[in-house]
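Following: one structure in structure tokens, then a few remarks.
Bear in mind that the values in this text are calculations on the coordinates, not laboratory data. Keep in mind the model is a prediction, meaning the values are calculated, not measured. Cβ coordinates were reconstructed from backbone atoms using ideal geometry, including for glycine residues, and neighbour counts include every protein chain displayed.
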Amino acid sequence: MKNIIVFIALMATSFVFAQSKKPTYEIKGDLIQGTFYHENGEIQQRGLYNKEGKLHGEWKSFNAKGEKVAVGNYENGKKSGKWFFWDGNTLSEVDYTNNNIAGIKTHENNSNVAVNFINN
């Protein structure tokens, strides 16, 4: 528990200088959810940390307008599985294995994959 508190304090200190709204942390079972903000108050990132203070579980990133720009999962601090990145009309699907990129697919906004995923 002491490691978690130290980690959160360090993370909070690093983000305070770049933000007008301070990060928030909430205990969610055995995990801690961190939420970080853009200067305009919109959520910049939201995700979970495990009890060792490593990124764990789903993380989402948003632009200053509040639009989702990335979503993916961490397992004990390492990227895993499918990550999705939005850039204008393009959705990039990046597969991670052992924290390394295993493959990349690109979908245009008019494809069923992109439209259905964006609306969720």
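Full extension of the segment from LYS68 to GLU26, taken as 0.36 nm per residue of separation minus the current Cα-Cα distance, would add 13.0 nm.
Restriction of the chymotrypsin sites (Phe, Trp or Tyr not before Pro) in region 57-86 to DSSP coil positions whose beta-carbon has at most 11 other beta-carbons within 10 angstrom yields no sites.
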